[in-house]
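The values are calculated or read from the model by the stated rules, or taken from the named source; none is laboratory data. Note that the structure is a prediction, hence the values are computed from the model and not measured. We place every Cβ from the backbone using ideal geometry, glycine too, and count neighbours over all the protein chains shown.
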Amino acid sequence: MELNLDRDLVFFDIEATGLNVLRDRIVQIALIKYSKSGESPIELSLMINPAMPISEEAMAVHGITPEMVRNKPTFDQVAHEILNFIGDADLSGYNLIRYDVPMLMEEFHRAGIDFDVDRRRIIDVQRIFYKMEPRTLKAAYKYYCDAFLEDAHDALADVRATAAVFKGQLDKYENVDWVDGDGYTHPNPIRNDMQAISDFTNDMNIIDVTQRLKKDAKGVVVFNFGKYQGQPVGETLYRDKAYYNWILEKEFSVQVKKAVRKLVKEYEQSRQSNS
């Protein structure tokens with residue numbers, strides 16, 4: 001299908017040193033411009049030296065290492081090339097509203113360029129997907145049970161429907177492999193085995209339900225927020241007692257407070273055993 005355009009449209013995607021749109025930096029940007037004149041799409045792909053470390057979590061996803069970008073230009077050096085490529089075009093991508101656009105704006109700002117998006121249309125393909133294929137219980141009941149859910153939002157009706165959906169999922173995905181976002185195949189993850197289901201549906205690297213703490217690529221529990229984001233919890237709080245007490249006194253979950261007490265105690269014990 002040909003796109004009906006009254007303005008150029010640029011699809012783009014970025015890979016970065018991490019997920020924080022304010023602190024992290026772009027290591028790769030790829031753009032495809034569709035012209036309103038109907039000319040063949042043109043592409044631009046650039047590797048960029050972020051001038052900062054690339055997190056191990058990010059490298060595990062996109063595979064871009066410091067060695068691969070060491071001799072590449074910085075964003076400052078390619079900013080005008082990217083800006084000229086985009087021109088006055090509208091923007092599109094996958095999850096670009098929450099990630100790609102704000103990160104690109106921050107990079108342009110650091111390069112001294114005011115990248116205005118107020119007059120551009122922003123088309124997020126992910127949002128089309130989510131809106132057209134809703135992930136509600138009612139939609140799941142229709143999909144897996146081939147029936148309409150009556151009395152939705154009545155607690156008992158909802159919980160009965162949820163159990164029925166789960167059984168329907170077990171039937172539908174029996175002996176079906178799952179290919180993750182990075183292209184890796186996981187054999188038969190949905191099976192009538194509650195431990196396997198639990199492992200599949202939970203991110204084992206997240207320590208608490210509020211996602212304040214997580215495990216890094218080495219399995220070390222680190223902060224997932226604040227001024228110490230990415231730093232080891234036990235060691236950091238052992239050294240910064242004021243921050244430790246602040247966490248225990250403020251409105252953090254019981255789960256977080258229990259975890260930080262345990263991590264600080266374990267770190268203290270490890271120091272004693274090594275001294």
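For this structure, a couple of remarks:
- Selection within region 1-35 - among the polar types (S, T, N, Q) and within 13 Å of the chain's Cα centre (by Cα): T17, N20
- Residue match in region 246-265 (condition: without any contact (Cβ under 8 Å) to a residue 40 or more places away in the chain and either of a type in the set (S, T, Y) or in the same structural domain as K167 (by TED's automatic domain parsing) (or both)): no
- In this structure, A111 does not satisfy being touching a residue at least 24 places away in the same chain (Cβ under 8 Å), farther than 21 Å from S35 by Cβ and not assigned by TED's automatic domain parsing to the domain that holds V27.
- Pairs where the first residue, in region 219-234, is closer than 17 Å to D203 by Cα and in contact (Cβ under 8 Å) with a residue 40 or more places away in the chain and the second is part of a helix (DSSP H, G or I) and of a type outside the set (D, E, K, R), C-beta under 8 Å, 6+ apart: V221/V233; V221/G234; V221/A259; V221/L263
- Residue list for region 227-260, restricted to those being exposed (fewer than 15 other Cβ atoms within 10 Å of the Cβ), assigned to a helix (DSSP H, G or I) and of a type outside the set (F, W, Y): R239, K241, A242, N245, L248, E249, V254, Q255, K258
- Single match in K142, K167, K138 (criterion: in a helix (DSSP H, G or I) and surrounded by fewer than 14 Cβ atoms within 10 Å (Cβ to Cβ)): K167
- Tallying residues that are assigned to a loop (DSSP other than H, G, I, E, B), polar (S, T, N, Q) and either at pLDDT 95 or above or touching a Phe, Trp or Tyr at 6+ places or on another chain (Cβ under 9 Å) (or both) within region 66-101 yields 1.
- For the residues A58, A89, the requirement of being within 30 Å of F223 (Cα to Cα) and outside the structural domain of D180 (by TED's automatic domain parsing) singles out A58.
- In region 36-52, the condition of being surrounded by fewer than 17 Cβ atoms within 10 Å (Cβ to Cβ), modelled with pLDDT under 95, at negative phi and in a helix (DSSP H, G or I) is met by no residue.
- Residue count for region 192-226, restricted to those that are surrounded by fewer than 13 Cβ atoms within 10 Å (Cβ to Cβ) and of a type in the set (S, T, Y): 2.
- Scanning region 1-27 for residues that are within 15 Å of E106 (Cβ to Cβ) and outside any strand (DSSP E or B) yields a total of 9.
- Total residues in region 184-210, condition part of a strand (DSSP E or B) and either out of contact with any Asp or Glu (no Cβ under 7 Å at 6 or more places or on another chain) or in the same structural domain as V61 (by TED's automatic domain parsing) (or both): 1
- Out of A161, A147, A155, one residue alone is touching a residue at least 24 places away in the same chain (Cβ under 8 Å) and over 28 Å from the mean Cα position of the chain (by Cα). It is A161.
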